[in-house]
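The values are calculated or read from the model by the stated rules, or taken from the named source; none is laboratory data. Given the structure is predicted, the values throughout are model-derived calculations rather than measurements. Counting neighbours? That spans all protein chains shown, and the Cβs are built from the backbone with ideal geometry, glycine included. Note: accessible area is taken over every heavy atom of the protein model, side chains too, but ligands, DNA and RNA are not part of it. Shrake-Rupley method; radii C 1.70, N 1.55, O 1.52, S 1.80 Å.
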Amino acid sequence: MQPEIRHMGDRGLLVELGAGIDPAVNRRVQQLHQILARENLFGVVETVPAYNSLLVVYDPLRAAPEALERQIRGLCHFDDIGHPEQPPGVVEIPVVYGGESGPDLDDVAAFHGLTRGDVVRLHSGTVYRVYMIGFTPGFPYMGELPQALDTPRRETPRTRIPKGSVAIAQRQTGIYPVVSPGGWQIIGRTPVELFDPRQDKPSLLGMGDEVRFIPMTAEEAAQWPG
Amino acid sequence: MARIDVLELLSPGILASLQDTGRLGFGRIGVAPSGAADSYACRVGNLLAGNLENAASIEITLMGFQARFRSEAAFVLTGADLQATLNGQPLHLWTVWRAAPGDVLDLPAPASGCRAYLAVGGGFHCPAVMGSRATNIGSGFGGYEGRALQAGDILQGHDPQDYLHRDGRSLPDTLKAVPTSDGVLRVLPGPQEDQFPVASREQFYETTYTVSGSSDRTGVRLEGPPIAKAPGAPDSILSEGILCGAIQVPGDGKPIILMNETVTGGYRKIAVVIAADLPLLGQVAPGDTVRFRKTVLAEARKLLQGVEAAVDWVRGHFAG
């Protein structure tokens, strides 16, 4: 598989390994990310994985982009390497759906002609893949949402979305780790801490993790430790 | 190292925060580099003061900053000229000064540039979080309690009395980066340049843009004729990793130069500012005009070598 490699200025190579939101493409990105972490190529500062691409950031005074590009192409032999290292098990994330925790749940249900309960069952009845972490520290972009919940973004983004908000947009679902602006439809909230810079592993989730949402009541959330 | 109170904030002005050379290596979990927008000014200020170049400095934005020294200290201001005074006496930039307890430092209003850097000899005390002292204001960690500085904050320093002898040291004029209000930023083609019609690309390089008042540490927003995308192309692309200096064109066609607080983005990048010009990007202020000139990788590399040679010279010349 030959990647498409584009320059991002004099410090980045954007390695594209396919198109679209596709688990097979995303697994290749994850593999190349892991390979580059192992190879520790001279002059590479960091790599940023996304849906279908890996941004390789380099120090232009240490690495020449032409040579780096050749090295990266030489490492893109995914069939020989097998599957990326998988995390153990599915991460379960409890969510209070609807009410003040999920102000858009009723709108989402109405948009699809479903009941609130249908939306909760559909959203919590799927195991999602974490395609990438981005936007803010620890924000997981997960998919793929059931077709029946495919919902456009809000026309006017909110300026202040509460920490822990669980949201959907098109065929994706995500969780806002800190208060931030955002345009996704908010259907619930989790008391789970998604990002803590004081921990050895600051982000609860990483690319390739599998996630399932578990409905909980507001009373249970109030009892949540921490 | 003994820690003592060195500076009391009287007014932060528009925005003041502790920053260093940034937090690298955590893009995979969505953590942006943060750090000084003008890394050259931040690094050189610390070296003049006798610190390591990645010590924490206060990044001061545009106007209204005031602070009182609580101890004797050597200090340096670099970057933007915000018409700084100590007890009303004008201060040269890129020069080590000596303050006494009770002295009041004022940075009232910009003469040129956008961000000034205040370094003190011995450095401001600030625990590193994920390997850096830079403030990530959006997620609330690093720097001073994870937030922008406020009136009443008291910053501690490490043994500032040991650095007082550096008073009077000054940078040669040729190494002072002078921010202009009519900047030309040198760029390389962006990863999606080929997705813009030829006329749109030509327009991008011919336009003199005005920097919008809604620009901040996240991005420099530009006002000018909107850039048309290819007919039928969707507004956005799949999110991908981005770098400081990437120039994205959202649906309204008005370019935004992304800065150090963003790690992924979902718009097409028409061009990317070269590494050597990022310090200048950090000095672009609302109301300034900006033009873009296309360069090539070889020239970008030579220009960056020049920047690093200047920092090397400062490191060697002002050591000890």
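Rounded to whole Hz and in sequence order, give me ³J(HN,Hα) for region B:111-122 from the Karplus expression 6.51 cos²θ - 1.76 cosθ + 1.60, θ = phi - 60°, writing x for Gly and Pro. Here the 3J(HN,Hα) series is 8, 7, x, 10, 10, 9, 10, 10, 10, 10, x, x Hz.
How much of the accessible area of region A:4-80, in percent, comes from carbon and sulfur atoms when a 1.4 Å probe is used? Please report the intermediate quantities before stating the final value.
Values: 1400 of 3070 Å².
Ligands and nucleic acids excluded, carbon and sulfur reach 46 percent.
Name the shape class, rounded, prolate or oblate, that the alpha-carbon gyration tensor gives for the protein assembly as shown, where a ≥ b ≥ c are the square roots of its eigenvalues, rounded holds for a/c under 1.5, and otherwise prolate holds if a/b is larger than b/c and oblate otherwise.
On the way: a/c = 1.80, a/b = 1.45, b/c = 1.24.
Prolate.
Per residue, the convex hull spanned by the Cα atoms of region A:34-131 measures out at 178 cubic angstrom. For region B:54-84, the residues whose amide N sits under 14 Å from a probe point set 7 Å from the Cα of B:Gln161 along the beta carbon direction are B:71-74. Of the three principal axes defined by the Cα atoms of chain B, the extents in descending order read 64, 38, 32 Å.
In region A:157-201, burial by the other protein chains removes 30 Å² or more of 1.4 Å probe accessible surface, compared with the chain on its own, from A:Val178, A:Phe195, A:Pro197. Derived scalar couplings between HN and Hα for region A:53-65 equal 9, 10, 8, 9, 8, 10, 8, x, 8, 10, 10, 8, x Hz in order, rounded to whole Hz, by the Karplus curve 6.51 cos²θ - 1.76 cosθ + 1.60 (θ = phi - 60°), x for Gly and Pro. Note on region A:4-80: the alpha carbon radius of gyration divided by the globular reference 2.2 N^0.38 Å gives 1.02.
In chain B, the longest principal axis of the Cα atoms and the axis of helix B:297-317 are about 0 degrees apart.
In the protein assembly as shown, taking the dipole from charged Cβ atoms about the Cα centre, the farthest positive-side position among B:Val296, B:Val31, B:Gly213 is held by B:Val296.
Is the C-alpha gyration tensor of region B:3-176 telling us rounded, prolate or oblate? Criteria: a/c under 1.5 is rounded; beyond that, a/b larger than b/c is prolate, otherwise oblate. Verdict is rounded for region B:3-176.
Might you tell me the accessible area per residue for region A:86-144, computed with a 1.4 Å probe and given in Å²? Walk me through the numbers before you get to the answer.
Working: 2470 Å² over 59 residues.
That works out to 42 Å² per residue.
At a threshold of 30 Å², the residues of region B:171-219 that become less accessible to a 1.4 Å probe in the full protein assembly than in their chain on its own are B:Pro191.
Using a probe radius of 1.4 angstrom, the carbon and sulfur fraction of the accessible surface of region A:106-226 is 50%.
Considering chain A, its Cα convex hull presents a mean projected area of 13.8 nm². In region A:46-66, comparing the full protein assembly with the chain on its own, the residues that lose 30 Å² or more of accessible surface at a 1.4 Å probe are A:Glu46, A:Val48, A:Tyr51, A:Leu55, A:Pro60, A:Leu61. Chain A packed on chain B takes about 3200 Å² of accessible surface away from a 1.4 Å probe, both sides summed. For the protein assembly as shown, a crude dipole built from +1 on the beta carbon of Lys and Arg and -1 on the beta carbon of Asp and Glu, taken about the Cα centre, is about 400 debye to the nearest 20. Here's the list of lysines a cross-link from B:Lys254 could span, going by alpha-carbon distance under 23 Å and ignoring same-chain residues fewer than 8 apart: B:Lys229, B:Lys269, B:Lys294. In the elastic network of chain A, a GNM with C-alpha springs shorter than 10 Å, the most mobile of A:Met216, A:Met132, A:Met142 is A:Met216.
First check a/c for region A:90-222, with a ≥ b ≥ c the square roots of the eigenvalues of its C-alpha gyration tensor; if it is under 1.5, answer rounded, and if not, answer prolate when a/b is larger than b/c or oblate otherwise. Rounded is the answer for region A:90-222, as its axis ratio a/c remains below 1.5.
In this rough spin-label picture, where each label sits 7 Å from Cα along the Cβ direction, the B:Val104-A:Gln147 distance is 7.1 nm. Counting only heavy atoms of the protein chains and using a 1.4 Å probe, B:Thr218 has close to 70 Å² of accessible surface.
Take the solvent-accessible surface of the protein heavy atoms, probe 1.4 Å, and return the percent of it on region B:133-219 that carbon and sulfur atoms account for.
Numbers: 1850 of 3880 Å².
Within region B:133-219, the accessible surface is 48 percent carbon and sulfur.
Taking B:Tyr144, A:Tyr176 and ordering them by how much accessible surface each has at a 1.4 Å probe, largest first, produces B:Tyr144, A:Tyr176.
If I stretch the segment between B:Asn87 and B:Glu202 completely, what's the gain in nm (0.36 nm per residue apart, minus their alpha carbon distance), one decimal? Provide the component values of the computation, followed by the final result.
On the way: separation 115, 0.36 × 115 = 41.40 nm, distance 5.08 nm.
The B:Asn87-B:Glu202 span can extend by a further 36.3 nm.
I need the calculated FRET efficiency for the pair A:Arg121 and B:Ser170, taking r as the beta carbon distance and R₀ as 51 Å, to the nearest 0.05. Between A:Arg121 and B:Ser170 the formula returns 0.15. Note on chain B: with a GNM built from Cα contacts shorter than 10 Å, the maximum mean-square fluctuation among B:Val76, B:Val104, B:Val273 falls on B:Val104. Beta bridges per DSSP, both residues in the protein assembly as shown: antiparallel share near 90 percent.
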